[in-house]
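Working notes, structure below.
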Amino acid sequence: MMLLAALNPAEATREVMWNISHSWVMYMLLVPTMIIAGRGVYRQVQKWRAGQPAARFDRPAERIKRVVKHVLLQQATLRDRFAGVYHFLLFWGMITLTIATTVVLIHHDFSIDIMRGRFYLYFQSLFVDVLGVLAMTGVAMLAVRRWIVRPKKLVYTDESTWLLVLLFAILGTGFLLEGWRIAATNDPWGNWSPAGIVISKASLAVASVETLTTLHWLVWWFHMALVFGLIAWAPYTKLLHVLTAPLNIYTANLDAGGGTLKQIDFESAQSFGINSLEQFTWKDLLDLDACTECGRCTSVCPANTVGKQLSPRDIILDLQSLLDRNDLASRNSKSDGEQPDEYKPAFPVIGQTDNLSSDALFECTTCAACVEICPVSIEQLPKIVDMRRFQVMERAEFPQQMQDAISSLEGRGHPFKGTQLSRMDWAEGMDVPTIEDVDAPEVLLWVGCGGALVDRNQRSTRALANLLKQAGVNFAILGREETCTGDPARRIGNEFLFETLATQNIETLKTHNIKSVLTSCPHCFNTFRNEYPKLGGDFEVLHHTTYLAKLIGEGRLTLDAKAAERIAFHDPCYLGRHNGITDAPRKILKQLTGSAPAEMEKHGRQSFCCGGGGGLSFVDEPPDKRVNQERARQALDTNAETLAVGCPFCTTMMEDGINAVKGDREMVVKDIAEVMWETVSRE
Amino acid sequence: MKILVCLKQILDPDIPPRDFAIDRDNRRAARGSANLVTNIFCENALETALQLREKAEGEITALTFGPSSAEDVLRKALALKADHACLVEDEAGEYRNSATTALVLAAAIRKLGEFDLIMVGREAGDWGAGQTGGLLAEQLGLPSVSFVDSIEATADGVTLRRQTELGWEKVEATTPLVVTITNNDENVPRIPKTRDIMMSARKPVTNWKLSDIDVTCDDITAAGTALEVVDLAIPEKTTECEFIEGDSIDEKIDAFAKRLASIVQSA
Ligand code: SF4
Ligand code: SF4
C-alpha cells in the first residue's frame with residue numbers, strides 16, 4: 001500500500017527541510033541579511049535621487065519590449081558569443097533556482113502543498129536540476145574566461161574573484177545537498193534529479209548513510225550562510241547590476257542612435273556642461289551603478305583601439321567610484337541667487353583620474369559604438385559630451401585645433417579654418433540652381449561644409465548634383481546663405497554656438513518655405529533629423545543614399561553597364577549607428593555591381609569610426625595613433641578595389657588613411673554618388 | 001598697472017582669394033561676403049595685456065575707432081574680461097589712414113585718462129601699414145617700443161622683449177609707454193568662455209562721436225593728407241611653367257641651377 005502510494009506520480013513529493021531542525025535560526029539570520037542588503041540598495045537609490053530630473057518612464061510598451069529583448073532574452077548580451085552564452089546560462093539558472101527556493105518557501109512556510117505531483121517532478125526536480133547544471137556550466141565558462149583566456153577588456157579585481165568563488169560554492173553545495181538527501185532518504189523520485197542521483201550514487205559508494213546525513217546537516221548550514229552572505233554583499237559589488245541592469249534597460253534612451261545629447265537652458269543653468277556628480281541626471285548616475293565591467297565598450301572604442309587614453313568603460317567605472325566615495329545626499333543645495341563668477345563644483349569629476357582627464361575626453365569621436373554595444377544600455381557618449389561642454393564653455397580649455405574650428409564657425413559659419421574655397425566653387429560651370437531661381441523645389445540640396453569647402457569632396461558633390469539633374473529632380477541649393485548645421489560645435493561641446501547656428505538655419509529654411517532637405521553628409525542629416533525638431537525645425541530629411549536608391553527604384557535613374565570593380569562599403573557612424581541606415585547604400589551598390597558589397601568584419605551598426613567625428617577631423621592625431629589608419633587596414637583587408645562611403649568626412653579620413661598604410665596595395669575611396677555617376681545612363 | 005589696448009576691426013583676411021574684391025573707384029576693399037573680425041595682432045596685444053594683468057594687478061581698457069559695427073570687437077574684448085571698453089564712432093565711415101587713426105586714438109586716450117601702457121598691434125591685416133603705433137606715440141608725446149612679444153612688470157616700469165631680425169632684444173623701460181605687439185607662441189589669443197560671452201552683451205561700452213573728443217573734420221582731413229592712396233588693384237597671378245632640358249641628369253641639374261640663379265638675380 002505504502003509502496004503503491006509512493007510510486008504514484010500524482011503523489012510525488014519530498015520532505016522539505018529534511019534533516020534540519022531549529023530552522024528558526026535561519027529566519028533570525030535572514031533579518032540582518034536583508035537589512036544589510038537593503039541598506040546597500042537604499043544608499044545607492046538615495047545617490048541617484050540626488051541627480052537631475054530626466055523623463056524616462058514614458059512609452060511603457062516600448063520599454064517593456066526592450067526589457068523582454070535585452071533582459072529576458074539577453075539579446076544585447078548574446079552579441080558576444082562566449083560571454084553571452086555563459087551569462088544566459090547563469091541568468092536563467094539563477095532565476096530558476098530562486099523560483100525553486102520560493103516554491104519551497106511557499107510550500108513549507110505557508111503550508112500550501114504545491115510541491116507535489118507532476119509539478120514537483122517536471123519542474124521542481126528535473127527542470128531545476130538541469131538548469132542548475134547549466135548554471136554550473138556557466139560558472140565554469142566564466143572561470144575559464146577570467147582565469148585562462150584573460151581578455152584585456154575585463155577588469156580583474158579581488159571582488160570579481162570572490163564573487164566567482166562564491167557562486168561556484170553555492171551551486172556546488174546545492175548539488176551536494178540534493179545528492180546526499182536522495183541517498184540518505186532513499187528518495188523513490190531521485191531519478192528525476194539527474195545530477196542529484198549521480199552525486200547520490202557516487203557518495204553512497206564511499207560513505208555510509210549516517211555520514212552523509214551528518215555531512216548534509218553541516219553543509220546545509222554552510223550553504224545557507226553562503227547564500228545569505230551573497231545576498232547581503234551583492235548590493236555593494238558589481239552584482240548590484242542584477243537590480244540596476246533591468247532598471248537601466250527599462251529607463252534607456254529610446255531616441256535614435258543612443259547618442260542623444262541633452263539640451264541646456266542657458267538662462268537658468270548653474271553651469272554650462274557638467275563637472276560635478278550631482279549635475280548628472282538620476283539616469284546618468286543609475287548608469288554608473290549598472291555597469292557590469294564587461295569591457296565591451298572599451299574594446300570597440302576606436303580611440304582606445306589605436307592606443308589612446310580614452311576608455312568609456314573606465315570613464316563609467318571611475319565616475320562610479322567617485323559616486324561611491326561621495327555622499328551626494330549631504331550636498332548643501334542652497335544657492336544664494338547671485339551667479340558666482342566661477343562655478344565651483346561640489347563633487348568635481350573632470351581631471352579627477354587619468355580616465356577623466358580633459359585630454360581623454362577630447363579623444364572621443366562621438367561614434368557611439370560604446371552606447372551601441374553596452375548590454376545594459378549605458379550611455380557613455382552623452383556623459384563625455386557633458387564634460388566636454390564644461391571644458392569648452394566654462395573653462396575654454398580644449399585642443400587648439402578644435403578651438404580654431406570653433407572660432408571659424410563663429411566668424412565664418414564653417415569649421416574649416418583657412419580653406420581657400422568658397423561655398424559655390426564646386427558648382428562652377430555646372431548651372432546649379434540656387435533657391436532664388438527655383439520656386440518650391442522638390443528638395444533642397446544641403447551641400448554642407450564638408451561637401452563644399454574641402455577640395456576632395458567637390459567631386460562627390462558634383463556627382464550628386466549631376467545625378468539629381470539626370471533624374472530631373474527639381475532641386476535647389478542655398479548657396480551663400482548656407483552655414484554649418486552646428487554639428488561640430490555640438491560634438492566638440494559648444495552647445496551655445498550650436499543653438500545659435502541651428503536657430504539661424506531653421507530661420508533661413510523657414511523663410512524659403514523649405515519642406516524637404518537632402519544631404520550627403522550624415523552629420524548634417526543627423527542634426528536635421530534628430531536635433532532640429534527640438535529647436536522647432538521640422539523638415540523632411542533625406543540622406544543621399546536613401547534618396548538615390550529611391551530614384552533608381554522609381555526608374556528616374558537607370559544604370560548602364562555594371563561597375564566592374566569590387567567594392568567594399570564603410571558605414572559612416574552617423575548614418576548606420578546613429579540613424580540605422582545600413583540597407584540603402586548596400587542596395588545601391590548591389591545594383592551597381594550585381595553583387596553585394598564586400599564587408600569588413602565591423603560593419604552596419606557595428607561599424608568602426610573613420611576617426612573624423614566629434615571634431616577630431618580638425619585635429620592632427622599622433623602619427624602612431626590614428627583611427628583612420630586602423631580603419632584603412634580593415635578596409636584594405638577586404639581586397640576590394642574601391643571603398644565606397646557616404647560621408648564627406650569619411651571620404652577624406654579614409655583616403656588619407658589608405659594612402660598612409662596601403663603599401664603596394666591599391667584602393668580608391670569614392671562617395672556612393674561618385675560610383676553611381678560613373679555607371680548611370682546619361683543623356 | 002593701467003593698460004590700454006587699441007583694437008581694429010578689419011575684413012576677415014582669411015577669406016578665399018576669389019571672394020576678395022576691391023572698390024577701385026574709392027580705393028578700398030569691398031566688403032563682399034567677408035566677415036568682420038578683430039585684427040590678429042590686436043588680439044595678440046589684448047592677450048599680452050590679459051597675461052600681464054594676471055601677473056601684476058591692473059585694469060584693461062579696450063579702445064577702437066571705427067564704424068558702429070566695431071562694437072563687436074569691444075564686446076569680444078569684454079568677453080575676455082577687459083574691464084572697460086570705448087568706441088569712437090567714425091560716422092562718415094571714410095577710409096582712414098594710420099595718421100588719422102593715430103590722431104583720433106590719441107584724442108580719445110587723453111580724454112580716457114592716464115595709462116601706464118598703451119598697446120597696439122604691430123600692423124593690421126588689411127592695409128598692413130604698421131604705422132599707427134609709432135604715430136600714436138608721437139601724438140601723445142610718449143616713447144615707444146615696437147615688435148614687442150612679451151612684457152614683464154618690474155618695480156619701476158616694464159621689461160620688454162622685442163623681436164628683431166637677429167634675435168631678441170631685452171628692453172627696460174619706464175612707463176608711460178606705447179608698445180606695438182607682435183605674435184609669438186605665448187600670446188596666441190585665448191577664446192572666451194561662453195558665460196562671459198553672454199555677460200559681455202550686458203556690459204557698458206562708452207560710445208563717443210568725434211565731437212565728444214574734440215576732433216573736427218578739418219583735423220582729420222589735415223592729418224589724412226600725410227598719405228594718399230593713388231590706386232588700388234588686385235595683383236594678377238600668373239603661372240609660367242618651364243621645363244629644363246638636358247641630356248643627362250647632371251646637365252639638367254646644372255641648367256636648373258643656372259636658371260634659378262638668373263631668376264633670383266632678375267627679381
Ligand atoms: S563614442 Fe566612440 S570614441 Fe567615444 S568613447 Fe564611445 S566608442 Fe569611444
Ligand atoms: S559601460 Fe556597458 S559595455 Fe562598458 S563595461 Fe560597463 S556594462 Fe560593459
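For B:R28, the residues whose amide H sits under 5 Å from its own are B:D23, ignoring neighbours fewer than 5 places away on the same chain, with H placed 1.01 Å from N.
Using the heavy atoms of the protein chains alone and a 1.4 angstrom probe, what is the accessible area of chain A per residue in square angstrom?
Numbers: 28950 Å² over 683 residues.
Result: 42 Å² of accessible area for each residue.
Among the residues of the range B:10-29, those with an accessible-area drop of 50 Å² or more from chain alone to full protein complex, heavy atoms and 1.4 Å probe, are B:D14, B:P16, B:R18. Sparse packing (at most 12 other Cβ atoms within 10 Å of the Cβ) combined with a DSSP loop state is found for the following trypsin sites (Lys or Arg not before Pro) in the range B:21-70: B:R24, B:R31.
Quote the charge dipole size of the range B:1-43 about the Cα centre in Debye, to the nearest 20; the model charges only the Cβ of Lys and Arg (+1) and of Asp and Glu (-1).
Values: 7 positive and 6 negative charges, 42 e Å.
Dipole of the range B:1-43, to the nearest 20 debye: 200 debye.
The A-B contact accounts for roughly 1900 square angstrom of buried accessible surface, both chains included, probe 1.4 angstrom. In the range A:265-299, burial by the other protein chains removes 30 Å² or more of accessible area from A:F272, compared with the chain on its own (1.4 Å probe, ligands and nucleic acids ignored). In the range A:382-416, burial by the other protein chains removes 50 Å² or more of 1.4 Å probe accessible surface, compared with the chain on its own, from A:R412. For chain A, take the longest principal axis of its alpha carbons; what is the angle in degrees between that and the long axis of helix A:400-412, to the nearest 10 within 0 to 90? The answer is roughly 50 degrees.
The angle between the Cα long axis of helix A:627-636 and the longest principal axis of the Cα atoms of chain A comes to about 90 degrees, rounded to the nearest 10.
From the alpha carbon centroid of the range A:498-521 to that of the range A:217-241 is 59 Å.
Within the accessible surface of the protein assembly as shown, defined with a 1.4 Å probe on protein heavy atoms only, the carbon and sulfur portion equals 55 percent.
The slack between A:H22 and A:V242, meaning 0.36 nm per residue of separation minus the straight C-alpha distance, is 76.1 nm. By how many degrees, between 0 and 90 and to the nearest 10, does the Cα long axis of helix A:495-511 differ from the longest principal axis of chain A? Helix A:495-511 and the main axis of chain A meet at about 60 degrees. The convex hull built on the alpha-carbon positions of chain A has an orientation-averaged projected area of 37.3 nm².
Keeping every protein chain present and rolling a 1.4 Å probe, give me the accessible area per residue for the range B:228-267 in Å². Mind showing how you got there, number by number?
On the way: 3990 Å² over 40 residues.
Ligands and nucleic acids excluded, the result is 100 Å² per residue.
For the range B:2-224, the solvent-accessible area with a 1.4 angstrom probe is 47 square angstrom per residue.
Restricting to DSSP loop positions (anything but H, G, I, E, B) with no more than 13 other Cβ atoms inside 10 Å of their own Cβ, which chymotrypsin sites (Phe, Trp or Tyr not before Pro) remain in the range A:1-99?
Details: sites: A:W18, A:W24, A:Y27, A:Y42, A:W48, A:F57, A:F82, A:Y86, A:F88, A:F91, A:W92; in loops: A:W18, A:F57.
Of the chymotrypsin sites (Phe, Trp or Tyr not before Pro), the ones in loops of the range A:1-99 whose Cβ has at most 13 other Cβ atoms within 10 Å are A:F57.
The values are calculated or read from the model by the stated rules, or taken from the named source; none is laboratory data. What you are looking at is a predicted structure, and each value in this text was computed from that prediction instead of being measured. Cβ sites come from the backbone with ideal geometry, for glycine too, and all protein chains shown count toward neighbours. Quick note on the areas: whole protein, heavy atoms, side chains included, nothing else; ligands and nucleic acids left out. Shrake-Rupley method; radii C 1.70, N 1.55, O 1.52, S 1.80 Å.
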